[in-house]
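Undergrad: Okay, handing you the structure first.
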Amino acid sequence: MTHLEPKIANAEIPYTGRDFGAISRMVHAHSGICLPEGKAMLVYSRLARHVREASLSNFSDYVELIQKDATERARAIESLTTNHTKFFREDHHFLHFEAEVRPAMLKRLAQRERVRIWSSAASSGEEIYSLAMVLLGTDRREAKAIANSDIALLGTDLSENVLSVGKAGRYPAVAASDIPDKYLDLWAHRRGAQIEIDSTLRDLVRFRKLNLLNPWPINGQFDLILCRNVMIYFDDATKETLLSRLTDHLAPGGYLYIGHSERLIGECASRLRSIGQTIYWKEPA
Ligand SMILES: C[S@@+](CC[C@H](N)C(=O)[O-])C[C@H]1O[C@@H](n2cnc3c(N)ncnc32)[C@H](O)[C@@H]1O
């Protein structure tokens, strides 16, 4: 019994500090996400439904289940991820991309070179679709030429639930207010209470499940990697390893965008140059 127990003694489903500790260690080992003791009730509220659905009467039995059943473990971890995102979140990155990165990318595409962009904690896709809107721009004819060139945009996440939203490209209509009008008119269409991302963009972006802690089945390097608002959930050792791997996957002359409260740590700091607010550049060798 730990000091967590009095706090959770009234929980409808029996749940102890020991259960929380086991879940927290398991989530950290499989996803890198840290769940400090203050998150004990959040874990309860997010997993109680799973315990009931598994026809179990307490969390201890559920812990046993997720220790041996990888599918249920993945479901539990998905439920414990925080997927908050929105279109054009932290808009300085999209302004930097439009002014500094896009012109050079268009030149390279016109010369039949390839361009690769990766949103590495994509959640439901708003981030990578925002970038795709800026990349394609506001001229339909130019956009068509860009879309037909050697360009690939990849959105990956641990959670299949959010990836399925990204693949469908449908969002509540209220999300339209986050999209600048010049892009909204062209790239999102009203469908009742929802907006639907234009098929040109949906065809351009590939969504794949990928755990940043595991090996990445990715060939080649990227011209731009976004890794925003996921490292906040990781401990320093996990951040350091991740940043080092992301830097390896960045092409010389490529850019890395990270979240507003994140920073570079470890050896990657000597390989990347800070060139703006949470914007890093890998100098060509
Ligand atoms: C708060 S969202 C950030 C979304 C977007 N990048 C943004 O800044 O708006 C964090 C995302 O990271 C994902 N995530 C957490 N741990 C992960 C891991 N180990 N591998 C891949 N994705 C992970 C979560 O599923 C979640 O969708």
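The values are calculated or read from the model by the stated rules, or taken from the named source; none is laboratory data. Being a predicted model, the structure only gives us computed values, none of them experimental. Quick reminder, even Gly has a Cβ in these numbers, built from the backbone with ideal geometry, and neighbours come from all protein chains shown.
Undergrad: Condition check: more than 19 Å from Val205 (Cα to Cα), in the same structural domain as Asn214 (by TED's automatic domain parsing) and of a type in the set (D, E, K, R). Does Arg75 satisfy that?
TA: For Arg75, the condition - more than 19 Å from Val205 (Cα to Cα), in the same structural domain as Asn214 (by TED's automatic domain parsing) and of a type in the set (D, E, K, R) - is not met.
Per-residue answers, yes or no, for (1) in contact with a His (Cβ under 9 Å, 6 or more places away or on another chain); (2) of a type outside the set (S, T, N, Q); (3) outside the structural domain of Leu226 (by TED's automatic domain parsing); (4) modelled with pLDDT of 95 or more:
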position: Met105; (1), (2), (3), (4): no, yes, no, yes
position: Ser123; (1), (2), (3), (4): yes, no, no, yes
position: Leu131; (1), (2), (3), (4): yes, yes, no, yes
position: Asp139; (1), (2), (3), (4): no, yes, no, yes
position: Ala143; (1), (2), (3), (4): no, yes, no, yes
position: Ile151; (1), (2), (3), (4): no, yes, no, yes
position: Leu154; (1), (2), (3), (4): no, yes, no, yes
position: Ser159; (1), (2), (3), (4): no, no, no, yes
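Undergrad: Take the range 125-174 and flag every residue that is touching a Lys or Arg at 6+ places or on another chain (Cβ under 8 Å), away from the ligand (no atom under 15 Å from the Cβ) and either within 23 Å of Thr81 (Cβ to Cβ) or of a type in the set (S, T, N, Q) (or both).
TA: Scanning the range 125-174 gives Thr138, Ser149, Gly169, Arg170.
Undergrad: Answer yes or no as to whether Ala122 is within 16 Å of the ligand (Cβ to nearest atom), within 24 Å of Glu262 (Cβ to Cβ), touching a Leu at 6+ places or on another chain (Cβ under 9 Å) and not in a helix (DSSP H, G or I).
TA: For Ala122, the condition - within 16 Å of the ligand (Cβ to nearest atom), within 24 Å of Glu262 (Cβ to Cβ), touching a Leu at 6+ places or on another chain (Cβ under 9 Å) and not in a helix (DSSP H, G or I) - is met.
Undergrad: Does Arg140 fit the bill of being of a type in the set (Lys, Arg), touching a helix residue (DSSP H, G or I) at 6+ places or on another chain (Cβ under 7 Å) and surrounded by fewer than 22 Cβ atoms within 10 Å (Cβ to Cβ)?
TA: Yes: the conditions hold for Arg140.
Undergrad: Can you go through Lys86, Lys107 and tell me which one is without any contact (Cβ under 8 Å) to a residue 40 or more places away in the chain and either farther than 23 Å from Ser274 by Cβ or in contact with a Pro (Cβ under 6 Å, 6 or more places away or on another chain) (or both)?
TA: Lys107
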